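For reference, the structure discussed in these notes is given below.
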Amino acid sequence: MTRTATFQWLILMALTAAAVGLSRSGLSDSALLVPVLLMTLIKGRIVIDRFMALQGVAAPWRWIVLGWLLLVLSLIGYAFHMTQT
Amino acid sequence: MNVSMSLSLPHGNRRELPGDLAMWFFILAELLVFGIFFLAYAFARTRNVELFNASQLELDKLSGAINTVLLISSSYFVVRAVDKIRHGLARACAHWLLAAMALGGAFLVVKLVEFADKFEAGISLSTNTFFMFYLGLGFFHFMHVVLGMVILGAVALKAWKGGYSAADHVGVETGASYWHMVDLVWIVLFPLIYVLR
Amino acid sequence: MKYKSQAVAKPYFIAAIALFIGQISFGLIMGWQYVVGDFLFPAIPFNVARMVHTNLLIVWLLFGFMGAAYYLIPEESERELYSPKLALAMFWIFLAAGTATILGYLFVPYATLAEMTGNNLLATMGREFLEQPLPTKVGIVIVALAMLFNLSMTVLKGRKTTINLVMLLGLWGLAIFFLFSFYNPANIVKDKFYWWWVVHLWVEGVWELIMGAMLAFVLIKVTGVDREVIEKWLYVIIAMALITGLIGMGHHYYWIGTPEYWLWWGSVFSALEPIPFFMMTVFAFNMVNRRRREHPNKAAVLWALGTGVMAFLGAGVWGFLHTLAPVNFYTHGSQITAAHGHMAFYGAYVMVVLTMISYTMPIMRGREANSPLAQVVEMWSFWLMTISIVFITLFLTAAGILQIWLQRIAEEPMSFMATQDQVSLFYWMREFTGFIFLTGLLLYVASFFIKGKPATAK
Amino acid sequence: MSSAFTKSAARNIFYGGAVFFFLLLVALTFDTMHTLPKRDNRENLTESVVRGKHIWETRNCIGCHTLMGEGAYFAPELGNVYKRRGPAFIKAWIQGQPSGTPGRRQMPNFNLNEQQLDDIVNFLKYTSEVNTSKWPPNIEG
């Protein structure tokens with residue numbers, strides 16, 4: 001249990017570092033948007049399923065929160081995609 | 001069937017919701033508010049991309065990243081705290097909670113320095129739409145961190161006094177759930193406002 | 001009735017209903033003036049009729065809240081009221097002050113009234129809903145404080161239940177936020193900003209606590225559902241009301257000179273304001289479905305359920321319709337606002353007071369419920385008034401949409417008065433429906449005088 | 001077994017949520033008060049405007065009219081009437097009431113003297129210059 005949590009925490013740290021790295025790389029448009037959103041999705045999922053411990057919890061709670069994450073991220077993606085040339 | 005059951009619909013082998021249902025109503029309301037604000041930011045940006053991109057350059061990405069690390073780590077500490085109380089180790093639970101609060105406090109300090117910097121530059125809620133969202137959402141989230149620390153503090157105090165046990169620690173899970181929500185919101189807020197362009 | 005002192009609620013409720021009739025009468029006068037402009041001019045100009053209409057509404061709702069508090073707080077505290085005499089004295093003071101104020105509006109020119117009552121010492125008059133002369137405002141504060149003292153002492157010495165505490169908190173909030181009515185800066189923007197601290201924080205803030213407590217009290221009584229269940233839902237609902245409603249105040253700060261970030265904050269939070277009302281509806285139906293007893297007072301149950309539905313429709317749905325800033329840009333200050341105001345006040349506050357009266361009056365008159373015939377008449381009045389208000393709202397909404405189109409959106413916008421002529425058909429229909437509402441109200445009063453053997457539980 | 005749902009947790013959510021959002025409201029109010037000088041036209045808040053506001057209030061104008069969209073909806077919006085009609089028209093209009101036209105909406109005559117008329121016009125001028133985020137949609141109000 002403790003080990004898994006530690007491992008997940010390290011993944012979260014790595015993903016954060018990667019996102020910062022990407023933002024400094026000077027990438028733009030989809031090359032920045034898609035990886036950052038995907039990494040955010042993974043991070044969010046870890047927090048929701050593991051830290052909040054919603055995985056395996058009776059419906060509909062897990063899906064409400066995961067659905068919130070998916071919906072928000074995909075609409076953000078859509079809005080940013082719209083403005084790309 | 002009582003009302004709390006009708007809303008959470010437990011099925012035999014499924015696990016129960018961690019923490020108190022009342023807290024989950026609060027968490028959902030908060031997620032709803034933040035979600036709407038995030039989308040408002042994303043779509044307001046579509047009508048003013050240059051302004052948003054230019055203003056975003058003035059942000060201190062490093063302090064945003066440090067704060068992400070702080071919050072994620074403090075969330076992890078809270079996971080450890082819950083794990084301790086599951087094994088009946090109340091003092092250790094309180095220690096982890098205190099550590100999580102310390103990181104929360106560090107988050108607040110970094111944030112204050114960041115905001116002070118902006119205020120010095122004469123930036124306010126009314127400067128432009130980008131800074132309205134940056135300062136408004138940032139401050140709104142800041143207040144959540146403060147509230148989360150108050151909740152964690154109350155839980156830690158009760159844990160220290162032996163108010164929780166391996167068998168009964170719903171209160172710890174309630175506080176933990178709120179803190180993870182604060183973390184979750186920041187995990188979306190940081191890339192949205194600091195990184196994406 | 002468990003405690004003798006609960007009976008002080010009776011005069012409060014009787015006064016409330018009497019003033020309600022007055023309110024509706026002046027509403028009908030105004031409705032007529034909307035279509036026949038010079039009706040009763042100069043005897044009762046429109047502004048005077050409107051002051052009487054809105055002030056009577058506020059005063060009779062306050063009578064209703066106070067009566068409800070004097071009834072439910074002793075029962076919840078399981079002891080007699082601290083001082084029934086004080087409660088009765090306050091009733092007469094409040095009634096005298098209210099009546100004098102209304103008569104002042106009707107028979108003294110407003111500017112003279114202002115001069116006579118010390119408005120030059122501290123100018124507080126002439127702002128919407130806060131038109132009361134200074135002595136009346138001070139009187140309201142004194143009556144409220146005396147009531148709060150009386151009720152707080154009762155609760156302190158007795159059982160502290162959730163309903164008690166929420167009711168008391170709502171009433172304290174009511175008194176405290178009313179103090180902003182004494183602040184009237186020359187700066188019109190600041191004036192308007194703090195004016196809403198009375199008006200919004202009353203109707204979309206602390207009044208919701210009062211409403212929730214009253215509804216929860218009646219639901220416990222008529223359904224027999226476990227108090228623990230009802231009380232925790234009450235907490236969740238009023239928590240949602242304040243979480244959304246406090247910052248939701250921003251929907252009044254769009255166009256009055258306040259900073260533009262209120263467009264965002266007001267829109268986001270007020271868009272969520274229907275949630276507590278929706279929860280209240282689900283809650284009321286859920287509790288009634290899970291009832292453990294068949295209460296003989298069917299009319300009270302109907303009022304309680306109606307409160308949930310109509311509050312959600314009027315405050316929730318009709319509020320949401322025009323709360324988002326881009327929509328409100330066009331609807332602000334139009335008949336849409338009037339439409340929302342009518343259904344929200346009726347659905348939330350009028351109905352919850354009538355629920356309370358419906359439940360308590362038979363008990364105070366020595367029976368658990370009125371005779372079946374009296375109840376049938378009361379339920380008829382329920383449907384007549386409720387359906388009327390729905391149609392009044394629909395007609396005003398139609399008038400509002402047309403008004404906005406002609407005056408604010410069309411290529412060649414019409415002037416205000418030209419637009420009013422165009423929408424007069426809807427005003428006629430509204431006025432006609434208003435008379436049906438009055439019929440319902442008179443039927444409601446009649447139901448109190450129908451005798452017969454009290455209904456009993458099956 | 002269903003998840004926990006206790007009254008004490010619900011109560012804490014209520015008190016915590018209420019205090020939290022009230023503090024947020026206070027913070028936003030604080031910022032609003034700080035920002036208002038840029039928007040509320042206070043530099044033109046002369047003695048005459050203050051007197052004009054007093055006349056506005058003691059004649060209960062809000063009982064028929066709206067001002068920045070707030071008030072009664074029986075008579076025209078006056079927040080921008082200065083820009084719509086100009087000072088001379090406003091004064092003549094107030095003096096010419098009631099019109100007495102059968103069936104038309106009537107405004108009382110308040111017997112204002114010349115200085116009072118100037119004061120009310122100055123008040124309406126001051127009001128029309130407040131930054132209202134471009135409301136109303138057009139000059140008709």
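When the label point is put 7 Å from the Cα of B:Thr127 along its Cα-to-beta-carbon vector, which residues of the stretch D:23-47 have a backbone N closer than 16 Å? Residues D:35 fall inside that zone. Candidate cross-link partners of B:Lys111 among the lysines, defined by an alpha-carbon separation under 20 Å and a same-chain spacing of 8 or more, comprise B:Lys61.
With everything on Cα atoms, drop me the angle between helix B:21-46 and the longest principal axis of chain B, reported from 0 to 90° to the nearest 10. It works out to around 20 degrees. Is the C-alpha gyration tensor of chain C telling us rounded, prolate or oblate? Criteria: a/c under 1.5 is rounded; beyond that, a/b larger than b/c is prolate, otherwise oblate. Rounded shape, in that the Cα axes give a/c under 1.5. How would the protein assembly as shown be classified by its alpha-carbon gyration tensor: rounded, prolate or oblate, with rounded meaning a/c under 1.5 and the a/b versus b/c comparison settling the rest? It is oblate, given that a/c is not under 1.5 and a/b is not larger than b/c.
With respect to chain D, whose longest principal axis is taken over its alpha-carbon atoms, helix D:7-35 is tilted by about 40°. Relative contact order of chain C, taken over Cα pairs closer than 8 Å and 6 or more residues apart, is 14 percent. The accessible surface of the protein assembly as shown, taken with every protein chain in place and a 1.4 Å probe, is 68 percent carbon and sulfur. Note on C:Phe449 and D:Thr101: the model spin-label points, each 7 Å out from Cα along the C-beta direction, lie 4.5 nm apart. Cβ-Cβ distance of A:Gln84 and B:Leu28, R₀ of 51 Å, FRET efficiency by 1/(1 + (r/R0)^6): the value works out to about 0.95.
Counting, for every residue in C:144-151, the Cβ atoms of other protein chains within 10 Å of its Cβ and taking the mean gives 0. In plain terms, if you count all Cα to Cα distances in the stretch C:59-130 and split them into 10 Å steps from zero, the share in each step is 16, 37, 25, 17, 6 percent.
Give me the base-10 log of I(q)/I(0) for the stretch A:20-63 at each q in 0.16, 0.18, 0.22, 0.30 Å⁻¹, Debye formula, one uniform scatterer per Cα, rounded to two decimals. Values returned for q = 0.16, 0.18, 0.22, 0.30 Å⁻¹ are -0.54, -0.61, -0.71, -0.98. Solvent exposure of the protein assembly as shown, expressed per residue, is 37 Å² of accessible area, with all protein chains present and a 1.4 angstrom probe.
Gyration tensor analysis over the Cα atoms of the stretch C:339-458 returns equivalent ellipsoid semi-axes of 41, 13, 9 Å (largest first, whole Å). Helix D:114-128 and the longest principal axis of the C-alpha atoms of chain D enclose an angle of approximately 40°. Subtracting the Cα-Cα distance of C:Phe435 and C:Arg227 from 0.36 nm times their residue separation leaves 70.8 nm of extension gain. Candidates B:Met181, D:Ala9, C:Met310 compared by Cα position along the dipole of the protein assembly as shown: farthest toward the positive end lies D:Ala9, with charges placed on Cβ.
Across peptide C:264-274, the mean count of Cβ atoms from other chains lying within 10 Å of each residue's own Cβ comes to 4. Under 13 Å from a label point set 7 Å out along the Cα-to-Cβ vector of D:Asn113, no amide N atom of the stretch D:79-97 is found. In this rough spin-label picture, where each label sits 7 Å from Cα along the Cβ direction, the C:Val282-C:Gln422 distance is 4.2 nm.
Note: the stretch C:127-173, Cα convex hull, 61 Å³ per residue.
How many angstrom lie between the C-alpha centres of the stretch C:175-208 and the stretch C:308-358? So the two Cα centres are separated by 19 Å. A simple count of charges around C:Ala311, restricted to other residues whose Cβ falls under 14 Å of its Cβ and scoring Lys, Arg +1 and Asp, Glu -1, yields -3. Centre-to-centre separation between the Cα atoms of the stretch B:141-185 and those of the stretch C:238-271: 29 Å. In this simple spin-label model, placing a label point 7 Å from the Cα along the Cα-to-Cβ direction at both C:Leu121 and C:Ile409 gives a separation of 5.1 nm.
Principal axis extents of the Cα atoms in the stretch C:240-303, from largest to smallest and rounded to whole angstrom, are 54, 18, 13. On the beta carbon distance between A:Ser74 and C:Arg290, with R0 = 30 Å, the FRET formula returns roughly 0.15.
Here the peptides C:251-264, C:164-177, C:231-244 are ranked by packing, the mean other Cβ count within 10 Å, and the order with the highest first is C:231-244, C:251-264, C:164-177.
Take the alpha carbon atoms of the stretch C:102-131, find their center, do the same for the stretch D:1-32, and report the distance between the two centers in whole angstrom. Taking the Cα centre of the stretch D:1-32 as reference, the centre of the stretch C:102-131 is 39 Å away.
Using the Cβ-Cβ distance between D:Ile139 and D:Ser8 with R0 = 45 Å, the FRET efficiency computed as 1/(1 + (r/R0)^6) comes to roughly 0.20.
Across the cross-link table entries C:Lys137/C:Lys232; B:Lys118/B:Lys158; C:Lys4/C:Lys221; C:Lys137/D:Lys125; B:Lys118/D:Lys38; C:Lys4/C:Lys451, which are compared at the Cα atoms, the separations over 27 Å belong to C:Lys137/C:Lys232; B:Lys118/B:Lys158; C:Lys137/D:Lys125. The string of couplings for the stretch C:153-159 from the Karplus curve (6.51, -1.76, 1.60, θ = phi - 60°) is 4, 4, 5, 4, 8, x, 6 Hz, one whole number per residue in order, with x for Gly and Pro. Relative to the Cα centre, the charge distribution of the stretch D:26-141, modelled as +1 at Lys and Arg Cβ and -1 at Asp and Glu Cβ, gives a dipole magnitude of about 300 debye. The mean number of partner chain beta-carbon atoms within 10 angstrom of a residue's beta-carbon across peptide D:127-137 is 6.
The length gained by stretching the chain between C:Val327 and C:Leu156 to full extension, at 0.36 nm per residue less their Cα-Cα distance, is 56.8 nm. The stretch between B:Arg15 and B:Phe43, if pulled fully straight at 0.36 nm per residue, gains 6.3 nm over its current Cα-Cα span.
Total buried accessible area between D and B, probe 1.4 Å, nearest 100: 1700 Å². Largest mean-square fluctuation among B:Val82, B:Val170, B:Val49, in a Gaussian network model of chain B whose springs join Cα atoms under 10 Å apart, belongs to B:Val49. The smallest convex shape that holds all Cα atoms of the stretch D:42-118, its convex hull, gives 102 Å³ per residue.
Among C:366-378, C:51-63, sorting by the average number of other beta carbon atoms lying within 10 angstrom of each residue, highest first, gives C:51-63, C:366-378.
Pairwise alpha-carbon distances in chain D exceed 24 Å for 47% of all pairs.
The values are calculated or read from the model by the stated rules, or taken from the named source; none is laboratory data. Computed from a prediction, not measured in an experiment: that's the story for all the values here. Methodologically, a virtual Cβ is constructed for each residue, glycine included, from the backbone with ideal geometry; neighbour enumeration extends over all protein chains shown. When the accessible area is computed, the model is the full protein with side chains, heavy atoms only, and any ligands, DNA or RNA have been set aside. Shrake-Rupley method; radii C 1.70, N 1.55, O 1.52, S 1.80 Å.
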